[in-house]
Every structure is written in structure tokens, then in C-alpha cells.
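Asks: Pasting a structure below so you can have a look.
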Amino acid sequence: MHDFDIAIRGGTIVTASDSYRADVGIRAGKIVAVAERLTSAAKTIDASGLLVMPGGIDSHVHLAQPAFGGPMMADGFETGTRSALAGGNTTVIPFALQPRGQSLRAAVTDYHREADGISLCDYGFHLIITDPTPSVVQQELPSLVGDGYSSFKVFMTYDDLVLNDRQLLEVFSAARRCQALVMVHCEGYDAIKFLTEKLEQEGKKAPYYHAVSRPEVVEREATHRAISHGELIDVPIMVVHVSGRQAMEQIRWAQQKGLKVYGETCPQYIALTADDMKGLNMDESGGKYVCSPPPRDHAAWDAIWEGLTGGVFQTFSSDHCPFFYEGSQGKKNPKARTSFKWVPNGIPGVETRLPILFSKGVAEGRITASEFVALTSTNHAKMYGLYPEKGSIGVGFDADLVLWDPKRKEVLRQEIMHHGADYIPYEGMQVTGFPVMTLLRGEIAMEEGKVLAQPGQGRFLKRRISPYALPASGRAAASAA
Ligand code: URP
Ligand code: ZN
Ligand code: ZN
């Protein structure tokens, strides 16, 4: 009889607060010991020379999502979560989207059909509210929050998704009442529409003009408006996928004022620029980089690093939103070739998120390994009600781990990816630091790029209320609202 099912020996444990040499003992899917030297295990994994970190939690991915009235997504739960595990992640939180005119509860039921028995890694659902009718806001939302869907996203742009200011205020009030965490896509609908029409009239229709139609000021204005609405209602908000200085500074300003405003950024905002959308001589290949908000420029990268190192951003997520490039569902489908406005918005990234941040962050000396863990795992667990089962290494946590070679050099290429898309926007990028093994609740789910987990191995995670969702004025105020 052994003390442990698995002992991971000889590695360097990295948590959001510390980095130290120790072994990890796992029994029945849980971490049961962290000690200088563990023996008596049915299986031993040699982690010498490797970092042992909590599995990545990607709290912003889109899988099998009705695609904004456009082409279908390249990933459902099977390929999307396979890709997640290959990239060193153990939990993803995609979005159950309420199509307008339909019930939110029905959207969640439908979405479970896409995921349950199929997902290879653990998963929770955020909600997307597109139609905040009284029954959605007063009945469905509170009941869903109680059932473990404790966060939702709202959009300030996109024809099929946008909420007007009155609707935003209504859903912010509802979030405050039921203590859900609100994620906001901050880009101003009318300004984008205005600029898009103007560009089209001028014959500027290539993918590059997607970036011109959504400049930073449009993101800054919407970010400020969302912050103001949050302040008015006294509800925390999470501003997702921040692309550059202007929005980052709005969030920092709000935080300095004492408002509960959180920020998320993504790999595309430290690794791509608007110029990538020029493709080859302004051709359709620029569509491979079309996402919203669009990537900006090198000065914006610097601003994002300022936000990452200065505590403005709590989470670094992928915003994995994969579309094909080729074919009738692809980014260069015949309609998309007529104008940038028809190019599906979103890029794949769940598998490349951790290597890009580790390489540009830890290997290039901008952040510590502990900051990397906070930004890619621990803060996601805390922010979205998964802590203390997920997001760290200690006795009682799920044995969700990534064994990471900090020295390994890899070239990111489509050929080594596990997702459903037919390209990556980071083709040819060299990274230092790569996952060599992922363990999901104590099972080896990926080893040396080979995904061993099976469909259905991932569990649905009912998420508790996030402490980050409590209003600045406290719990009592929330219950009085
Ligand atoms: O372009 C993007 N980011 N598409 C995904 C949808 C969203 O707004 O997150
Ligand atoms: Zn968004
Ligand atoms: Zn997104």
C-alpha cells in the first residue's frame, strides 16, 4: 500500500506567492502532501529541472458558440479543451450565450449539451446576456447564479449583442442584487458603425480597416462609460480584453479612485499589431488577425506590460475565439472578402497563451514566475469562484498541475496545435518555456504534446459567488439593494 497515487519529485513548485523546491504527493485526484522528499508512491514523476505550477485556468474562451450571426466556430468542446490541455491548462470558462428573444436558462441547457460528456478538461460557464427582459433579469439570472453560473458578460457593441446604456444599468443593478461578476466588452457601438460606414464609402474594405474602424478612443470611451455605470450602481466590473494604453489608464484611474474595477488582457495585445492585419499587401490574409478590440502597436504593448506589472490587470486570458481561415466558414469566405466588417471577429489562442506570456514575461525578465502563475491561474480561480479547489498548489487543492520546462525553445506553428482551426496568428514565433506535462485531478492529461485525456473526462464546475463581485460598499449594501 502506497501513501500516494503519484509523487512528483525534484521540481520547483511555483505558486502566486512563492517558488521553492519540493515534492508533491497526490491521492484520489487531490494534492495531499507538499514536502521536501516524498517516497511511497505508486507512480513517480521526475520533475527535475522543471517548474511545477497550477494548471492554467483560462477564464475567457469561446467554444461552440453561436457565432455572432456569422460563420461557425472552429472549436467545440472536444477540440477546444484538447488544445487547452496541450497548452498547459486544466480549466476553461467559456460562455453560454443567450440568443435574443430566448431564455437564458434555455441557453445554458443547450450549452451543457455541447459540453457535458465531451469536454476533456474541467469547465464552468459564464453567461452572455443579450436580451435583459424583466424575467431574465429578475428571475433567470438570480436562479442561475445560485446554480453556479456566477458571472456574465455584456457587450457595448456588435449588432446581435449590444446593450444600450439603460440596459447596461439594469443588468448592472441585477448583478449587484445577486452578486454576480459582470464582464464588459468595452467598445462603442455607434462610433464603430459611423467609422465603418465612412471607411466603406471611401472604398477601404480590406481587413486592415477593421483596426481603423475600432481605434483606441472608441475602446477608451466605452471603458469610461462602463466604469461610470458601475460607479453609479456601486457594482464591481471586469473590463475584458484590454488592448492598449487608453483603456488601461481608465481602469487604473478607477482603481486609484477606490472603485472595484478589474482588468483582463490577452496575448494578442503583447504579440500582434494592427499592421499584421495588412496581410500581404493588404490582401485577405490580414483577416487571420481580426479580433476585437484589435491589436494596436508596440507602444500599446508597453502600456499592457505597465498594466500587467503594475497590478491593473488581474487576469491574462486567451479570448480564444477560433475561426477557420479557409473554406466557406473561414475568415476569407466570399462575403468576408467584400468588407472587413464581415470577417469573423476572433482568433485562436488557448494553446499558445501560457507559452507567449512565459516567454515574453518570465524568460525576458518582465515578470516573475509567481506573477505568471497569478495572472494565468490563481487570480482566475479567485475572481470566478473556483478558489480554493483550483488555482494553487497546496494540501486540499485539486491536483491540476502543469510541469513546465522554463528553458525549452519552441517555434509556435499550426502543425503542433491541437485546436480545430487551420492556422495560428503566431506562426513562426519562437518562445522560451513550454509545457511538458499537464495533470488534471491527478491524471496525466498531456505528455510531451500528446493529449491522453478522453472526451468526458472534464467536469462541470459550479462556481461560487466571487468575493470580487461584492460591491465596494460591502455585503450589507448588496443585500439592501
Ligand atoms: O474578436 C473577439 N474578441 N471575438 C470574441 C468575442 C469577444 O468579444 O470576446
Ligand atoms: Zn468581447
Ligand atoms: Zn471573447
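The values are calculated or read from the model by the stated rules, or taken from the named source; none is laboratory data. Just so you know, these numbers come straight off a predicted model, no measurement behind them. Positions of Cβ are generated from backbone atoms using ideal geometry, with glycine treated the same way; all protein chains shown enter the neighbour counts.
Asks: Has segment 326-338 got any residue that is within 23 Å of Pro355 (Cβ to Cβ), more than 16 Å from ligand 3 (Cβ to nearest atom) and of a type in the set (Asp, Glu)?
Replies: No; the residues of segment 326-338 include none that is within 23 Å of Pro355 (Cβ to Cβ), more than 16 Å from ligand 3 (Cβ to nearest atom) and of a type in the set (Asp, Glu).
Asks: Pull up segment 1-43, narrow it to residues that are part of a loop (DSSP other than H, G, I, E, B) and of a type in the set (Asp, Glu), then point me to the one that is nearest to Phe316 (Cα to Cα). Lay out the reasoning, then the answer.
Replies: Initial filter on segment 1-43 (part of a loop (DSSP other than H, G, I, E, B)): 1-3, 10-11, 15-18, 22, 28-29, 36-40.
This time we only want the ones that are of a type in the set (Asp, Glu), so: 3, 18, 36.
Numbers: Asp3: 36, Asp18: 19, Glu36: 31 Å.
Checking each candidate, the answer is Asp18.
Asks: A further question follows. Here is a list of conditions, (1) within 16 Å of ligand 2 (Cβ to nearest atom); (2) of a type outside the set (A, V, I, L, M); (3) over 16 Å from Ala174 (Cβ atoms); (4) under 19 Å from the mean Cα position of the chain (by Cα), and Asp160 meets all of them except one; can you say which number that is?
Replies: The failed condition is (4).
Asks: Turning to a different aspect of this structure: Considering Thr196, Thr157, which residue is β-branched (Val, Ile, Thr), touching a helix residue (DSSP H, G or I) at 6+ places or on another chain (Cβ under 6 Å) and assigned to a helix (DSSP H, G or I)?
Replies: Thr196
Asks: It is to be established whether one or more residues within segment 102-121 are under 30 Å from Met53 (Cα atoms), within 16 Å of ligand 2 (Cβ to nearest atom) and not in a helix (DSSP H, G or I).
Replies: no
Asks: Between Gly80, Gly76, which is at pLDDT 95 or above, buried (at least 23 other Cβ atoms within 10 Å of the Cβ) and under 25 Å from the mean Cα position of the chain (by Cα)?
Replies: Just one listed residue meets the conditions, Gly80.
Asks: Against the condition over 24 Å from Leu452 (Cα atoms) and either within 16 Å of ligand 1 (Cβ to nearest atom) or crowded, with 24+ Cβ neighbours inside 10 Å (or both), how does Gly55 come out, does it pass?
Replies: Considered against the rule, which asks whether it is over 24 Å from Leu452 (Cα atoms) and either within 16 Å of ligand 1 (Cβ to nearest atom) or crowded, with 24+ Cβ neighbours inside 10 Å (or both), Gly55 comes out as no.
Asks: Might you check whether a residue that is part of a loop (DSSP other than H, G, I, E, B) and surrounded by 23 or more Cβ atoms within 10 Å (Cβ to Cβ) occurs anywhere in segment 364-377?
Replies: Among the residues of segment 364-377, not one is part of a loop (DSSP other than H, G, I, E, B) and surrounded by 23 or more Cβ atoms within 10 Å (Cβ to Cβ), which makes the answer no.
This table checks each residue for (1) outside any loop (DSSP other than H, G, I, E, B); (2) surrounded by fewer than 22 Cβ atoms within 10 Å (Cβ to Cβ); (3) of a type in the set (A, V, I, L, M, F, W, C); (4) within 16 Å of ligand 2 (Cβ to nearest atom).
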| position | (1), (2), (3), (4) |
| --- | --- |
| Val312 | no, no, yes, no |
| Ser318 | no, no, no, yes |
| Pro322 | no, no, no, yes |
| Glu326 | no, yes, no, no |
| Leu354 | yes, no, yes, no |
| Phe358 | yes, no, yes, no |
| Gly361 | yes, no, no, no |
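Asks: Looking at segment 244-290, which of its residues are closer than 18 Å to Ala211 by Cβ and in a loop (DSSP other than H, G, I, E, B)?
Replies: Gly244, Cys266, Pro267, Leu272, Thr273, Gly279, Leu280, Asn281, Met282, Asp283, Val290
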